[in-house]
Structures are given as structure tokens and as C-alpha cells.
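Since every read-out is calculated from the coordinates, none of them should be taken as a lab result. In this text, all values refer to a predicted model and were calculated from it rather than measured experimentally. Reconstructed Cβ throughout: ideal geometry from the backbone, glycine too, with neighbour counts over all protein chains shown.
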Amino acid sequence: MASVKFNEEMCKGCGLCVTFCPKQILRMAPVRINAKGYHPAECIDLEKCIGCASCARMCPDVVITVER
Amino acid sequence: MAKVLMKGNEAIAEAAILAGCRFFFGYPITPQNQIPEYMSKRMPKVGGCFLQAESEVSAINMVYGAAGAGARVMTSSSSPGISLKQEGISYAVGAELPLVVVNMVRGGPGLGSIQPAQSDYFQATRGGGHGDYRLICFAPANVQEAVDLMGKAFDLADQYRNPVMMLGDGMLGQIMEPVEMPQPRKEALPAKKWAAGQPGRSERAIINSLYIDPAACEEHNNDLTKKYKVIEENEVMVENIDTEGADIIVVAYGTMARVCMRAAREAKEKLGLKVGIVRPITVWPYPYKAVYEAAVQPSVKAVVSIEMSCGQMVDDVRIAVNGAKPVSFYGRTGGVVPTVKDILNYLSGIKEGK
Amino acid sequence: MAVVFQKTSMLTDAPFHYCPGCTHGIIHRLVAEVLDELGVGETAIGVAPVGCAVFAYNYFNCDMMEAAHGRAPACATGAKRVHPDKVVFTYQGDGDLASIGAAEIVHAAARGEKITTIFVNNAIYGMTGGQMAPTSLPGQITTTSPYGRNTEVCGFPVNMSEMLSQLNGPAYIERVSVHDVKNVVRAKQAIKKAFQAQIDGKGFSMVEVLSTCPTNWGMTPQEALKWLEENMIPQFPLGVYKEV
């Protein structure tokens with residue numbers, strides 16, 4: 001059981017978290033945009049999250065908090 | 001305290017230490033080398049830091065870092081080196097850092113000569129680097145005055161959070177004169193809560209000259225300008241020598257003023273000419289009022305700016321006199337100091353209406 | 001549940017101004033975390049460069065100074081001499097450190113100045129719009145080398161870590177990269193070692209971090225990481241260059 005939270009307003013939509021997620025459970029929100037005008041990252045299958053924090057470590061904007 | 005015979009450069013260095021300066025960053029250049037040399041000897045003895053930098057550029061940026069960290073700090077150089085320091089001085093002004101820069105001016109432009117000159121006047125009094133700013137700029141005429149002004153230079157730098165320049169020349173730096181050194185500063189240096197690494201502060205310190213928003217940058221400039229207005233109102237220093245009822249007013253500063261004082265005495269004896277001297281001690285803020293008041297006396301026929309340059313301060317004299325009396329210029333440059341005879345020749349020419 | 005990863009308090013709440021996918025943000029985070037973990041964050045003094053990281057003083061939650069272009073090591077020297085008990089660091093890009101500030105970094109290193117330099121090498125001038133840097137690769141297209149860096153005309157990239165490691169003053173020099181998770185973790189270890197060398201009074205320390213510039217390289221963030229790995233690492237091999 002793990003949780004990954006995004007401080008969405010800080011996200012610039014670069015997608016590095018998506019690229020580096022070993023479980024491939026992240027994506028850029030297809031429709032929603034944040035105040036900066038980016039499609040923020042989101043988790044589509046939290047059940048599969050192993051809390052490895054790879055996403056957070058590659059995020060250049062320190063958007064992600066991970067719990068396990 | 002008894003007088004001691006000291007070289008200008010060494011006396012200035014010692015006066016800085018007595019004023020509580022404990023950090024010196026410099027780079028060798030003639031004719032100011034005795035300042036860093038003296039500092040390298042003395043600083044370790046008083047628990048201070050002397051560091052010879054890899055360049056003048058680096059030295060002034062070390063001064064910037066030390067000033068930003070709250071230290072009483074200085075550097076010294078001579079004309080070509082001062083040009084290199086202008087970058088750091090401009091940044092220090094922008095970040096409102098107190099520091100003292102000594103310039104023992106030599107002939108220019110370029111590598112110029114190593115003999116005394118006053119050809120850095122524009123650079124010293126108009127800011128020197130990029131941006132709208134001024135430095136408080138002292139122009140002592142002898143070693144005692146330089147020594148007496150050192151403490152004041154540091155104090156004003158702290159008070160206004162602005163760099164202060166001591167504008168000497170190769171003569172002032174190299175001459176040996178009897179001088180009475182001041183007592184070492186006893187009171188604690190002023191607290192600098194705005195500086196980096198200081199205790200007892202709620203917010204973190206940011207030492208910075210970048211204001212990316214033009215409106216903010218303008219506001220910052222307006223604040224600096226207000227500060228300069230206060231300095232102009234409060235910090236002008238000038239000496240009037242026999243100006244009352246004079247026929248001719250000579251305006252001269254620093255080493256040049258000393259030669260002019262002798263020339264004025266001889267002018268009276270040999271030419272029957274009453275020459276009064278206005279000697280700016282601060283060249284910024286400039287003593288416009290003193291120059292004007294001396295010039296507009298009914299007795300005064302002419303005003304002369306005498307300089308070791310091709311004519312720089314004469315612009316300020318013209319601003320001060322504002323057309324009320326004829327203003328002319330005499331000077332020699334490149335490291336040549338006008339002699340008493342040179343000056344007498346020029347003054348007699350004025351007397352004869354040439 | 002326990003927190004595995006959260007933003008360190010050594011970073012302020014100000015959002016980074018960096019372009020999407022620029023790895024400056026990762027490097028900022030690593031430095032801030034290390035300062036925090038070493039317990040020196042409260043009293044550290046950082047010096048920001050001129051270049052993309054010019055606003056670093058907005059992000060590191062400690063006393064900060066903004067230096068003139070290339071002069072951060074001189075500025076840090078002044079601060080360190082005043083506060084020898086405090087951790088002082090510079091954060092500089094390749095234009096700032098390896099070009100205009102080459103003299104300042106060489107002599108700070110030669111003096112064994114007890115400061116730590118984080119050198120972010122992305123082989124380009126980012127802030128000014130993608131001009132050729134001292135570390136641009138042979139053949140690399142930039143706005144001032146539009147036909148590719150011609151080594152006949154403008155010479156070769158400068159390998160700062162190798163150069164500085166020849167001096168006696170440095171105590172720790174390592175080159176790392178942030179192109180994947182494993183390397184990000186290694187980069188943090190290197191940064192920690194570098195700061196520890198300063199804390200131990202051993203001398204000058206520097207970590208050169210290979211970084212991306214997706215915007216000026218004209219790539220996606222993902223392509224940029226790949227380009228870094230395939231092109232920059234052969235020119236700038238990773239590893240420890242000096243450890244005293």
C-alpha cells in the first residue's frame with residue numbers, strides 16, 4: 001500500500017515522472033489543465049504503486065510526495 | 001599621541017585597521033602596493049584577513065562577499081585596477097553593501113604611467129560602473145587628512161550602505177609625512193542584521209542587485225537617489241583658503257591643492273594677485289555651494305580649475321559657477337604634476353587678461 | 001503510512017522558474033536535501049550565479065548572495081573568510097564557471113578555499129537563449145554555432161573536473177549526472193561528500209552535474225536525458241576525480 005500525491009499547481013507537465021515510473025501507472029491528465037496551463041501528472045492506478053519514489057526523484061519541480 | 005613618519009599608503013592601511021577594518025582583498029599595482037603589503041603584515045597580527053586575489057575583478061568580488069557577510073572590509077588599487085573593479089562596485093551599490101575602495105590614481109588612459117594623476121575624476125564622481133549611482137568620494141590632500149578620513153569613510157559606508165572611495169594619487173600614496181595616528185576604535189562596529197550569517201534575525205538575508213521587474217528596478221533606483229540626496233545635503237566637505245575678497249578663485253583638490261596653496265602665496269608676493277582656493281575634500285558630493293559663493297564675490301574676476309588631468313573637475317566648477325564668472329582650466333596630465341611656476345605663469349596670464 | 005519522499009524545508013515555497021523538464025530543479029532539490037541532512041541548512045550561505053540559476057536565492061531557504069557573472073567563487077571566498085564556521089556554497093552553470101568565471105574557480109580551487117561548488121554543466125547558455133558554451137560539444141548546434149561547434153574555429157569543450165583535479169587545493173571533485181533515478185541518487189551522495197569535505201575543513205570541493213536544457217537543445221525532456229547520456233557522458237566521463 002503506497003500513496004503518491006501531486007502538488008498539481010507546481011507541475012509543468014514535463015512527463016519525466018511518467019517516463020520513470022516502473023509500474024507505468026502515471027500519465028499526464030488528458031483534459032485537465034492547471035493554472036500554469038499544463039496538463040498535470042496524475043496516477044491512474046494507485047493500487048499498483050510500490051512507493052519507490054522514482055517519480056519524485058526525477059521530478060524537476062518537487063511536485064510529488066510519496067508515502068508507503 | 002606622538003607623530004610618526006609614515007608613507008601615505010602605509011598610514012592609510014594602518015588607519016583602516018585602527019578603524020576596525022579586518023578584511024582586505026587586493027591585487028598588486030603601482031603606486032598603491034604598500035597598502036596590500038602593509039595589510040599582509042598587519043592583518044594576521046590583529047586577527048584579520050589579508051588575501052591577495054587573482055585579479056582586481058576577483059578582489060572586489062571578495063570584498064562584495066565579505067561586505068555581504070557583514071564585515072568591515074576594503075580594497076585598494078590604482079587606475080587600471082580600479083577600472084576592473086567597477087563591475088563589483090556597481091553590484092555592491094545595487095546590493096547596498098558598505099565597503100571602502102582606495103584609488104591611488106596614476107596617469108591614463110590604458111596602462112598610462114605610474115606617476116600621480118587626477119584623470120579618474122569623472123570615473124570616481126559619476127559612479128564609474130554601469131547604472132545610476134554615486135560613490136561618496138573623499139579627496140585628501142595630505143597623509144594626515146587621509147588618515148583622519150579613513151574612519152569616516154567606513155562609518156559613512158555603513159551609515160548609507162554604499163561604497164565609499166578614497167581618491168588619492170601616486171603622490172599621496174608614496175609621500176612620507178609626519179602623521180598622528182588616531183586611537184583604535186573602541187566602540188563595537190554597527191550591527192548588520194541585513195547581512196548574511198548574522199545572528200538574531202527572523203528572515204533570511206538576501207544580498208542581491210537583480211530587480212527583474214522594471215517597476216521594481218525603478219523603485220530601487222528611486223530609493224538610491226533619495227539616499228544620494230541625503231548624502232548631498234549632509235556630507236559635503238570643503239576647505240576655503242583665503243577666498244574672502246580674492247581676485248581669482250582657484251578650485252583644486254588633493255595633491256594639486258597643495259601645489260596651488262604655495263602658488264597662491266607666491267602670487268600675492270610676486271604678482272600682487274590675491275588668489276583664494278576652494279579645496280573640495282569630498283569630490284562627491286561636490287561642494288557646489290562653496291564654489292559658487294566664493295566665485296560670485298564682487299572682487300572675483302575669474303575662476304580657475306587646476307587639475308592633474310585634461311580638465312575634468314572643471315565641469316563641476318562650471319556647474320557651480322553657472323555662468324556668473326568666467327571659468328577656465330589649467331592642468332597637466334599623464335603623471336606630470338603642475339609646478340608652482342606653471343601655475344604662476346597661468347595666473348599671471350589671467351591677470352593680464354589673456 | 002510513512003513519508004518516503006517529500007519536499008525538504010530547505011527549499012522555499014517559490015515555484016522554480018526553470019523550463020519544463022529542466023534538471024536544474026532536481027539538482028536544487030539534491031543540494032537542499034543535503035544541507036538539511038547534514039544539519040547545516042539553517043546557517044549556510046549560498047551564492048547564486050548569473051545564468052539560468054540567477055534566481056537561486058529565491059529557492060534555497062538559507063542566507064543567499066547573488067554574485068556578478070562568474071564571480072561566485074570570489075564572493076563565496078569573501079563570505080567564508082568572514083564566517084569560517086559556516087557552510088558556504090556556490091551554484092554555477094557552465095558559462096558562469098567555465099568561461100567568464102574560469103579565473104575565479106581555478107584560484108578558489110587552488111587556494112583550497114573551504115567552499116563547495118555545485119557546477120551545473122548543460123553544454124549551453126540557457127538563460128540568454130542557447131548560445132555556445134565552453135562545454136558545448138564538437139559539432140553541437142547552438143544559436144552562436146549554427147553550423148555546429150567547429151573546433152577549428154572555436155576550440156574544444158573544457159573539462160573542468162579533470163582540470164581542477166590537477167591542483168593541490170581541492171579536497172573532493174566528482175562528476176555526476178541526473179539522467180536517470182540511479183544517477184540522481186549517486187549525484188546526491190556526491191554532493192553530500194563534497195559538503196562533508198568542507199565541514200571537515202579539508203579544502204575546496206566541487207560536484208559537476210551533467211544537466212539538460214530541453215528548450216535550447218530543441219528536444220523533449222525525455223530526448224534531452226537520452227542525449228545527455230549518449231553524447232555528454234563520453235565527453236565528460238562520470239566519476240571521482242579528486243578525493244583527499
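Figures for the structure shown
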read-out	value
Max mean-square fluctuation residue, GNM over chain B, Cα-Cα springs under 10 Å, options B:Q198, B:Q174, B:Q86	B:Q198
Selected from B:S202, B:S299, B:S328 as most flexible by GNM, with chain B as the system and alpha-carbon contacts under 10 Å	B:S202
Peptide-level mean, for C:96-104, of C-beta atoms on other protein chains within 10 Å	2
Residues of type aspartates and glutamates that B:K192 reaches as a straight line, Cα spacing below 14 Å, ignoring anything fewer than 8 places off in the same chain	B:E96, B:D155, B:D158, B:E203, C:D63
Taking region C:24-243 and dividing mean pair separation by its residue count, relative contact order in percent (alpha carbons under 8 Å, at least six apart)	19 percent
Order by protection proxy (mean Cβ within 10 Å, highest first), peptides B:286-294, B:225-233	B:286-294, B:225-233
Dipole of the protein assembly as shown, positive end: most advanced residue of C:Y57, A:T65, B:V46 [Cβ charges, Cα centre]	B:V46
Within the protein assembly as shown: Cβ-based charge dipole about Cα centre, in debye rounded to nearest 20 (Lys, Arg +1; Asp, Glu -1)	720 debye
Footprinting exposure proxy for B:E14, B:E37 (fewest neighbouring C-beta atoms within 10 Å first)	B:E37, B:E14
Antiparallel DSSP beta bridges within region B:238-351, as percent of all bridges there, nearest 5	25 percent
Extreme residue, positive dipole direction of the protein assembly as shown, given options B:M313, B:P338, B:P298 (C-beta unit charges)	B:P338
Rg to Rh quotient for region A:3-67, alpha carbon positions, Kirkwood Rh	0.92
Sequence-separation-based contact order of chain B, relative, with Cα cut under 8 Å and 6+ spacing, percent	17 percent
Dipole-positive endmost among B:A215, B:V238, B:V250 within region B:206-338 (Cβ charges, Cα centre)	B:V250
Region A:3-67, dipole about Cα centre (Lys/Arg Cβ +1, Asp/Glu Cβ -1), debye to the nearest 20	160 debye
Which of C:D96, B:D242, A:D61 has the fewest Cβ neighbours within 10 Å, and the rest in rising order	B:D242, A:D61, C:D96
Greater than 18 Å apart at Cα, pairs in A:K36/C:K188; C:K86/C:K114; C:K86/C:K202; C:K114/C:K188	A:K36/C:K188; C:K114/C:K188
Per-residue mean of C-beta atoms belonging to partner chains within 10 Å, peptide B:206-214	4
Of C:M160, C:M206, C:M127, the one that fluctuates the most in a GNM where chain C has Cα springs shorter than 10 Å	C:M127
Neighbouring partner chain Cβ atoms per residue of C:109-116, average, 10 Å criterion	1
Charged-residue dipole, Cβ positions (Lys, Arg, Asp, Glu), chain C about Cα centre, Debye nearest 20	280 debye
